[in-house]
Amino acid sequence: MTDWLLALVPQYGLWLLAVTTFLSCLALPIPASILMLTAGGFAAAGELELWQALGAAATGAIMGDQIGFGLGRSLGKTVLKRLGRDRGRDRLLAKARALLKRRGVAAVFLSRWLVSPLGPYINLVAGSTGLGWLRFTLSSVPGEALWAGLYVGAGFALGGNIHAASDMLGSILGMIGGAAAVLILGYWLFSSAKPDGRT
């Protein structure tokens, strides 16, 4: 399926990119990241405009987030119960709930690009738990813009070499995740340290 979709990029580029990111934000197994890398490569070759590829990817993802949030708001319990019947999805829903409970709107932002497999489930859970639409949107939009920028930008920078771009992004995201873990640990240690009473 991936090869078939990649073959459609030159012909339907921007529409395909928007539809792909839209569907991926609804938890459908679509290779959105690979298509964004490929679109960046086509932009580097002059087949697509870079800003249009970025806009199409981000717009599709933002619309997918809005639909997922809306489904969570209107049909939350029914949808979550149905998804919870599958063991793998139930685990993802549990992780999404825990992350949203711990981090609030920061979880929405981070799940757009750093822990993107949780994104569609965060959308549903956020809608079903009554998180305000404006707070959700103000966290979702910059996260999706960053996601599109990272992937389309990496494909552009490396001229469509998908393997090299994927490896580079994996390293970058790993470094960001590691730095975030160090900062959180440092904050926890600093905030839990008690004065020993000496002057």
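Summary table below
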item: Where a residue in the stretch 2-22 is more than 16 Å from residue 51 (Cα to Cα) and in a helix (DSSP H, G or I) and its partner, wherever it lies, is modelled with pLDDT under 65 and of a type outside the set (Phe, Trp, Tyr), with Cβ under 8 Å and at least six apart; result: 20/5
item: Filter result for residue 74 (of a type in the set (Gly, Ala, Ser), closer than 20 Å to residue 21 by Cα and modelled with pLDDT under 95); result: no
item: Close pairs from the stretch 148-160: first closer than 13 Å to residue 46 by Cα and touching a residue at least 24 places away in the same chain (Cβ under 8 Å), partner part of a helix (DSSP H, G or I) and hydroxyl-bearing (Ser, Thr, Tyr), Cβ under 8 Å, at least 6 apart; result: 155/38; 160/38
item: Failed condition for residue 30, given (1) modelled with pLDDT under 95; (2) part of a helix (DSSP H, G or I); (3) β-branched (Val, Ile, Thr); result: (2)
item: Considering residues of the stretch 127-145 that are at pLDDT 95 or above and of a type in the set (A, V, I, L, M) only, the residue surrounded by the fewest Cβ atoms within 10 Å (Cβ to Cβ); result: 134
item: Per-region count, the stretch 114-147, residues aliphatic (A, V, I, L, M), under 17 Å from residue 74 (Cα atoms) and touching a residue at least 24 places away in the same chain (Cβ under 8 Å); result: 5
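This table checks each residue for (1) in contact (Cβ under 8 Å) with a residue 60 or more places away in the chain; (2) closer than 21 Å to residue 140 by Cβ.
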position: 45; (1), (2): yes, no
position: 58; (1), (2): yes, yes
position: 66; (1), (2): yes, yes
position: 70; (1), (2): no, yes
position: 77; (1), (2): no, no
position: 82; (1), (2): no, no
position: 91; (1), (2): no, no
position: 112; (1), (2): no, yes
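The values are calculated or read from the model by the stated rules, or taken from the named source; none is laboratory data. Because the structure is predicted, anything quoted here is derived from the model rather than measured. In this analysis, Cβ positions are derived from the backbone assuming ideal geometry, glycine residues included, and neighbour counts consider all displayed protein chains.
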